[in-house]
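Before any comments, here is the structure.
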Amino acid sequence: MSALARDGVRLLASPRSAADRLRSRATAAASAGTGVALLLSAAIAGLGDDPATTGVEVLTGADGVVVGTSTSLSPASGLVAFVAQPGLRPGVQLAALLLVLPFVALAVQALRVGAVARQQREATLVVVGASPRDLRRVRAASTAAAAARGALWAAPAHLALWLLLGVVPPLGARLVPAPEPWLALVWLLLVILLTGAGAAAGALLGRRGSASRPVPSSRWAWAGAAGAAVCAGGVLMTSVTTLDVPRPVQAALTPVLLLVALLCLAACAVVVLARAAVRCSTRRVERAARSGAGAEAVLAVAQRRANPVAVGASGAVLVLVGVCLGVCTAFGAAMVVSRDVYGSSSEVVFYGSGVVLACAVAAVAAAVALVSLALALTDHLAQARRAVAATAALGCDVPRLVEVQARALAATAVPSAVAGTLVGGLCYAGLLTAVDWTSVGPRTLVPVGAVLVAAVVAGAAVRLVSCAVAELLTGRVRRAAALENLRTP
Amino acid sequence: MAIGEVHLALLLSGPRHGYDIKRAHDAWFPAERPLAFGQVYATLGRLVRDGHAEVVGTHSEGGPERTVYAITGSGRERLLAWLDDPAPPAGTAGEEIIRKTVVALHATTSGADAERVLSAQRAAHLRRMRQLQRRSTSADPERSTDLAVRLADRHALLHLDADLRWLEEAAEALRAQPPATPTPPSPTPDDQEPQP
Amino acid sequence: MSPDQPSPPDVLAEPTHPLLRLAGISHAHGRTPALHDVDLEVGAGTAVAVTGASGSGKSTLLHVAAGLLAPDAGTVELLGHDLAALDDAERAQLRRRDVGIVLQYGQLVPDLPLLDGVALPLLLDGAALGPAREASRAALAGVGLSAAEDAVPAELSGGQAQLAAVARALVAQPHLVLADEPVASLDPAGAALALDLLWGVVARGGALVLVTHDNVLAARCDREVRLAHGGVQHDLDLR
């Protein structure tokens with residue numbers, strides 16, 4: 001039972017400290033992003049088959065098999081082929097849905113911000129006489145408020161996106177359909193759902209609490225889960241291909257299942273990667289500490305306390321981004337190489353624009369993932385203030401500290417992106433080869449080479465962005481390194 | 001002055017002659033003035049007269065004869081009774097507290113429970129401190145405006161506090177040291193023989 | 001005990017009923033023993049000093065008495081209620097209504113201004129914001145911190161924060177106050193103020209348990225319970 005009145009809940013739940021305000025803003029951003037992605041996929045899903053809105057007419061033969069499509073650029077549409085054609089729409093819808101993932105990763109990270117300080121605050125409240133139910137109510141209220149705020153922002157954001165991608169571009173290149181009135185109802189539903197999700201997340205996640213206690217190693221559990229997911233995906237795929245399932249469903253389901261399996265694999269792999277990286281760097285640092293590299297060791301030991309799951313979530317997103325990039329690269333390279341098979345330039349434009357679109361979406365996802373990682377870093381700087389200040393007191397200056405932060409950021413981001421690119425690209429290249437055994441030769445190596453190049457480029461790009469982000473955080477690093485932080489509170 | 005009781009305590013670990021008693025006393029109470037031999041023998045004489053000590057023989061190893069004294073049963077009782085009675089918490093007159101505490105520390109193996117002595121002393125001090133505090137915070141307007149009394153009380157209070165802190169340290173030292181063992185009387189070198 | 005019922009008033013009507021009763025308390029922090037078979041009874045209208053060297057288990061005893069720590073063995077009865085038989089919510093209710101706790105460190109909610117922070121026990125018990133703030137204002141005035149109503153704990157000195165903590169412990173007019181070195185960081189004037197307020201609880205028929213190093217403060221109490229190496233060395237009545 002909780003006796004706390006609504007006034008009291010509001011008093012305790014409203015964000016006051018800098019960390020709480022950051023958490024609130026990040027949660028709102030994640031909620032807004034999720035809302036926009038869902039609104040987008042709903043808008044696309046709601047296009048239907050009516051040629052008047054889509055400008056596309058599907059011509060079917062007598063036996064129901066799709067013979068072709070006739071596109072007419074009606075003023076009401078002007079949407080790009082991927083969105084307009086009902087047959088191709090599932091791909092774009094999937095992309096829009098997948099855009100939810102990086103924002104979920106951001107939300108997971110956002111909820112962790114300032115966790116240590118919040119825990120101490122809750123311990124004080126328990127001494128004063130707060131019951132567990134009181135604490136849950138306060139936690140739920142704070143995250144629900146932020147989630148609601150973000151969800152409300154999703155509507156204007158979606159409108160802005162429509163203006164940018166659905167009005168400004170020329171006819172035939174528009175990506176976002178005009179919002180219909182029923183979309184507003186979807187939005188209201190989203191507000192309710194996201195607020196509820198925020199409340200549930202706050203109430204449940206806060207309980208376990210400590211972001212600083214290292215989670216006991218469950219590497220094998222994660223690897224087992226990954227294996228199970230892949231096996232399940234394989235079983236499902238074989239069943240789909242062998243069972244008597246109608247072809248359109250099959251065509252839609254196979255890539256979805258493939259992607260889901262890859263997703264699980266990626267998530268598990270990155271969590272394992274993140275934990276291993278943290279542990280490995282700790283061992284290296286301990287060795288360095290023993291040999292006398294004192295200052296960085298102090299800082300790195302403090303960074304050992306980073307929360308692997310939240311970092312792993314962002315890393316998983318980067319893996320998927322890499323997969324997308326790899327697939328696009330392999331596809332593009334194969335297309336370039338076998339131009340004579342594909343022939344017409346309009347087809348090249350068609351597929352080319354599709355690749356570009358996919359890469360754009362991937363870039364957005366990567367950006368959000370990097371923001372999550374930067375958020376993790378910022379939070380760590382705030383929570384490990386005393387350790388950072390102690391390091392600074394020992395003579396480690398701010399530029400060197402910034403470099404350490406950049407390295408920490410890159411340690412998760414770069415391997416994820418590179419691994420994803422390699423896995424995705426090579427798998428796809430392998431699939432292409434498997435489809436057409438007869439053309440194995442130097443031609444098949446070009447996509448592989450392209451994938452390798454893409455992986456290197458991706459890794460370098462992510463490293464550069466990590467350094468840039470760390471530079472941007474110089475102000476925060478300087479504040480964390482301020483010697484006042486050593487003053488006993 | 002309790003000098004008699006201190007001599008009894010010095011005899012508690014075994015029979016001793018006068019010179020040994022003086023040496024042990026000066027070792028136990030380094031902050032006090034060294035005991036004069038005249039005083040030692042006068043005190044011993046008084047103790048023998050009162051039946052708290054007795055002459056048990058003479059010790060003549062390696063030198064002139066010396067009388068060896070030992071504690072009697074009634075002397076032991078007298079000493080323990082003295083230990084059980086806490087020193088009056090007078091604040092500035094701390095010598096009795098020091099005497100009792102040091103004696104208690106050395107007398108652990110001979111029936112005196114040093115911890116109990118220290119506890120009883122602490123209780124006496126605390127009660128006196130409580131009295132002093134209540135007096136200075138009492139509602140009586142005449143009393144509470146008497147600055148001289150309040151200052152005197154405060155002085156006494158703070159000195160009693162200092163005594164208590166020292167007692168705590170003594171208790172810690174007691175717990176840290178190994179149990180005391182009785183030492184036999186030791187021969188004195190010839191050239192340090194004083195004139196009785 | 002139903003969480004919505006007020007605490008039984010008959011506890012104070014029987015002056016012989018102890019407000020706090022600890023029996024056979026033993027506790028170890030991990031592998032380090034802290035308390036061994038400690039008994040303690042505190043009746044109404046008494047102030048008890050718990051003293052002992054560092055590491056003797058004083059703070060642990062206080063945490064056990066407050067219900068913040070469940071002992072490995074033994075029973076804790078607060079105002080007649082066996083803490084082990086209550087659930088978290090009921091224990092929380094006891095803490096905000098009937099027991100005032102003053103700890104040695106870090107006990108003010110860091111981001112709340114004093115006016116709201118001191119009102120917390122009342123707010124957690126369901127009071128409306130207005131009346132709770134009024135009571136808090138009065139409590140802060142009682143410790144001389146009216147000017148610091150809108151300050152957050154980080155802006156206060158150690159002594160001011162401690163005074164605010166004492167004010168918070170007393171704002172709900174508890175029957176029992178458990179305090180761990182409540183005046184250690186206060187100057188003599190502040191200490192006198194805080195102690196007068198704490199002894200007010202005793203005068204109203206409540207009880208006070210003070211953990212302290214200070215012999216002068218211990219002498220002000222009615223009883224001294226001295227701990228050594230986790231056990232009770234002596235339990236002196238100083239009256």
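Inspect all residues belonging to region A:416-431 and state whether any of them is polar (S, T, N, Q) and modelled with pLDDT under 85.
yes
Which residues, taken from region C:1-57, are among the small types (Gly, Ala, Ser), at pLDDT below 90 and farther than 25 Å from C:LEU236 by Cβ?
C:SER2, C:SER7, C:ALA13, C:GLY30, listed by residue number.
Just a yes or no: is a residue in region A:449-457 at pLDDT below 80 and small (Gly, Ala, Ser)?
The answer is no, given that none of the residues of region A:449-457 is at pLDDT below 80 and small (Gly, Ala, Ser).
Within region A:394-412, is there a residue that is of a type in the set (Val, Ile, Thr) and under 16 Å from A:ALA458 (Cβ atoms)?
yes
To keep it simple, each residue is scored yes or no on (1) closer than 26 Å to C:THR51 by Cα; (2) over 18 Å from the mean Cα position of the chain (by Cα).
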{"site": "C:ARG137", "(1), (2)": "no, yes"}
{"site": "C:ASP150", "(1), (2)": "no, yes"}
{"site": "C:LEU178", "(1), (2)": "yes, no"}
{"site": "C:ARG204", "(1), (2)": "yes, no"}
{"site": "C:LEU227", "(1), (2)": "yes, yes"}
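Do the conditions hold for C:VAL48, that is, is it closer than 16 Å to C:GLU77 by Cβ and within 14 Å of chain B (Cβ to nearest Cβ)?
The answer is yes for C:VAL48.
Provide a single number: the residues in region C:61-101 that are in a helix (DSSP H, G or I), small (Gly, Ala, Ser) and within 14 Å of C:LEU40 (Cα to Cα).
Matching residues across region C:61-101 total 1.
Any idea which of (1) touching a strand residue (DSSP E or B) at 6+ places or on another chain (Cβ under 9 Å); (2) in contact (Cβ under 8 Å) with a residue 40 or more places away in the chain; (3) buried (at least 16 other Cβ atoms within 10 Å of the Cβ) is the one C:LEU236 doesn't satisfy?
Failed condition: (2).
Please verify whether B:ARG143 is at pLDDT 80 or above and out of contact with any Gly (no Cβ under 9 Å at 6 or more places or on another chain), treating the condition exactly as stated.
no
Take the residues of region C:214-233 that are at negative phi and at pLDDT below 90: which is surrounded by the fewest Cβ atoms within 10 Å (Cβ to Cβ)?
By that ranking, first place goes to C:ALA228.
Restricting attention to region A:4-14, and to residues there that are crowded, with 18+ Cβ neighbours inside 10 Å and in contact (Cβ under 8 Å) with a residue 12 or more places away in the chain, which single residue is nearest to the other protein chains (Cβ to nearest Cβ)?
A:LEU4
Could you list, in sequence order, the residues of region B:49-79 that are over 19 Å from B:ILE21 (Cβ atoms) and surrounded by 15 or more Cβ atoms within 10 Å (Cβ to Cβ)?
none
Listed residues C:GLY126, C:GLY158; which is within 11 Å of another protein chain (Cβ to nearest Cβ), touching a Ser or Thr at 6+ places or on another chain (Cβ under 6 Å) and not hydroxyl-bearing (Ser, Thr, Tyr)?
Within the list C:GLY126, C:GLY158, the selection yields C:GLY158.
Which of the residues spanning region C:100-123 are at the interface with chain A (Cβ under 8 Å from one of its Cβ atoms) and of a type in the set (Val, Ile, Thr)?
Residues satisfying the conditions are C:ILE101, C:VAL109.
Given the residues A:LEU159, A:LEU59, A:LEU97, A:LEU79, which is the only one that is over 21 Å from the mean Cα position of the chain (by Cα), at pLDDT below 90, surrounded by fewer than 21 Cβ atoms within 10 Å (Cβ to Cβ) and away from chain C (no Cβ under 14 Å)?
Result: A:LEU59 is the single residue among A:LEU159, A:LEU59, A:LEU97, A:LEU79 that is over 21 Å from the mean Cα position of the chain (by Cα), at pLDDT below 90, surrounded by fewer than 21 Cβ atoms within 10 Å (Cβ to Cβ) and away from chain C (no Cβ under 14 Å).
Of the conditions (1) hydrophobic (A, V, I, L, M, F, W, C); (2) within 27 Å of A:GLN109 (Cβ to Cβ); (3) free of Cβ contacts under 8 Å to residues at least 40 places away in the same chain; (4) buried (at least 16 other Cβ atoms within 10 Å of the Cβ), A:VAL127 fails just one. Which one is it?
All conditions pass for A:VAL127, except number (2).
When region A:106-130 is examined, which residues are found to be touching a Leu at 6+ places or on another chain (Cβ under 8 Å) and either within 11 Å of another protein chain (Cβ to nearest Cβ) or assigned to a loop (DSSP other than H, G, I, E, B) (or both)?
Answer for region A:106-130, where residues must be touching a Leu at 6+ places or on another chain (Cβ under 8 Å) and either within 11 Å of another protein chain (Cβ to nearest Cβ) or assigned to a loop (DSSP other than H, G, I, E, B) (or both): A:VAL113, A:GLY114, A:GLU122, A:THR124, A:LEU125, A:VAL126, A:VAL127, A:VAL128, A:GLY129, A:ALA130.
Kindly list the number of the only condition in (1) within 14 Å of another protein chain (Cβ to nearest Cβ); (2) touching a residue at least 12 places away in the same chain (Cβ under 8 Å) that fails for A:TRP187.
Condition (1) is where A:TRP187 drops out.
Has region A:16-25 got at least one residue that is within 14 Å of chain C (Cβ to nearest Cβ), within 30 Å of A:LEU163 (Cα to Cα), surrounded by 20 or more Cβ atoms within 10 Å (Cβ to Cβ) and at pLDDT 70 or above?
Yes; the residues of region A:16-25 include at least one that is within 14 Å of chain C (Cβ to nearest Cβ), within 30 Å of A:LEU163 (Cα to Cα), surrounded by 20 or more Cβ atoms within 10 Å (Cβ to Cβ) and at pLDDT 70 or above.
Just for region C:129-147: of the residues that are more than 11 Å from every other protein chain (Cβ to nearest Cβ), buried (at least 21 other Cβ atoms within 10 Å of the Cβ) and of a type in the set (Gly, Ala, Ser), which one is farthest from A:ARG121 (Cα to Cα)?
Of everything passing the filter in region C:129-147, C:ALA139 is farthest from A:ARG121 (Cα to Cα).
The values are calculated or read from the model by the stated rules, or taken from the named source; none is laboratory data. Not measured: the values here are computed from a predicted model. Neighbour counts are summed over all protein chains in view; Cβ atoms, including those assigned to glycine, are modelled from backbone coordinates with ideal geometry.
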